[in-house]
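The values are calculated or read from the model by the stated rules, or taken from the named source; none is laboratory data. What you see is a predicted model; the values in this text were computed from it and never measured. For neighbour counting, all protein chains shown are included, and Cβ atoms are generated from backbone atoms with ideal geometry for every residue, glycine included.
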Amino acid sequence: MSSENVTNSDATSVEAPSSGGGGIRRLIKVSAVIGILLILLLLVAALAAALTAAETWAPFVRVFRDLFLLIILLESVLVIAALAILMLQAAGFLIMLKTEIKPILDNARETTRMSKATAQFINSNAVDPLIQIKSFLSGLLAFLRELIRIGSLVAPEDKSADPSDEPQAS
């Protein structure tokens, strides 16, 4: 029977992380509800004791009050400690931003400048000359095409003037 419990608890522990920590959330909620109910029960018991027989229950109420004040004091100390830790963490984060993020940003700026300079170099030494050569060759090709067109227009006029092309009379 204990092996079945182990198997079932393993199955639930495997399922809990996949659900995003639902088991821990449920445990926290149940603990909070139990704590609140316990405090309410103690307050109702103290109120009933104070109303029924105040002198007999007065020492117990004083002890309960003192314990409650001690718990509140400890919680205040914990809250102050948590705030101090939070401030230290924020200071550490700001220091990290200065020491680690700033050099990364500077490096990114330098890389951007180098990329811009490389693009300008490639543009002036490779792209612009290729564009000029292509433009020159396109113009030359257009010029030669026009020369051939003019030549083809001129050539048929010369052939019609040739006496060998005329029909001979018989």
Test for residue 38: is it surrounded by 11 or more Cβ atoms within 10 Å (Cβ to Cβ) and at pLDDT below 95
no
Can you name the number of the only condition in (1) at pLDDT below 80; (2) surrounded by fewer than 11 Cβ atoms within 10 Å (Cβ to Cβ) that residue 30 fails?
(1)
Of (1) modelled with pLDDT of 75 or more; (2) aliphatic (A, V, I, L, M); (3) surrounded by 10 or more Cβ atoms within 10 Å (Cβ to Cβ), residue 16 fails just (1)
